[in-house]
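Below is one structure; the comments refer to it alone.
Nothing in this text is a laboratory measurement; each read-out follows from the coordinates by a stated rule. This is a predicted model, so every value here is computed, not measured. For neighbour counting, all protein chains shown are included, and Cβ atoms are generated from backbone atoms with ideal geometry for every residue, glycine included.
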Amino acid sequence: MKMLYEEILQNSVLWTSALAWFIAQTLKVLITLLSKRQFDIRRFVGSGGMPSSHSAFVVSMASSIGQVNGYDSVIFALSAAFALVVMYDAAGVRRAAGKQAAVLNEIVDMLQAKRGISEEKLKELLGHTPVEVFAGAGLGILISRMCF
């Protein structure tokens, strides 16, 4: 009987999804390096940006599950629905929260200038544009197809 860690280490769907996430995060660092001429390793673990690593991860997982279990399987339907929720959240709710953070940071800047209030800025790069989400989804499908 296999041990739990052995089963996890042999789960090709999980590792393919992790690879898609890793490649997406690496691409964020490279895109920042090329576009801003600045090496920012924080982009590797940060949220937001091109491409969406959340989308790459969940779409790679759904695509891999479809290839392994069939696109007519219940587990594929579940994983596809989960992927859609994650992508909607990334482009909708989290993006809106990032926009609100930007407005609040402007207010804090004005208060700091007028009253000397020291307040930490909020993180603005939380969500994704639809293009970033679709790019991540495309990357997820590509990685899944290459691995299976």
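Looking only at the stretch 32-49, residues that are part of a helix (DSSP H, G or I) and either touching a residue at least 40 places away in the same chain (Cβ under 8 Å) or basic (Lys, Arg) (or both) come to 3 in all.
Matching residues to (1) surrounded by 14 or more Cβ atoms within 10 Å (Cβ to Cβ); (2) closer than 19 Å to residue 148 by Cα; (3) over 12 Å from the mean Cα position of the chain (by Cα):
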site	(1), (2), (3)
48	yes, no, no
53	yes, no, no
58	yes, yes, no
65	yes, yes, yes
68	yes, yes, yes
71	no, yes, yes
105	yes, no, yes
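The rows are residues; the columns are (1) in a helix (DSSP H, G or I); (2) among the acidic types (Asp, Glu); (3) within 17 Å of residue 138 (Cα to Cα).
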position	(1), (2), (3)
7	yes, yes, no
14	yes, no, no
30	yes, no, no
51	no, no, yes
60	yes, no, yes
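All conditions but one from (1) touching a Gly at 6+ places or on another chain (Cβ under 6 Å); (2) farther than 30 Å from residue 99 by Cα apply to residue 51; the one that does not is (2). Could you please let me know if residue 81 is exposed (fewer than 12 other Cβ atoms within 10 Å of the Cβ), within 18 Å of the chain's Cα centre (by Cα) and among the small types (Gly, Ala, Ser)? Yes.
Candidates are the residues of the stretch 18-31 that are of a type outside the set (D, E, K, R) and free of Cβ contacts under 8 Å to residues at least 60 places away in the same chain; the one that is surrounded by the fewest Cβ atoms within 10 Å (Cβ to Cβ) is 30.
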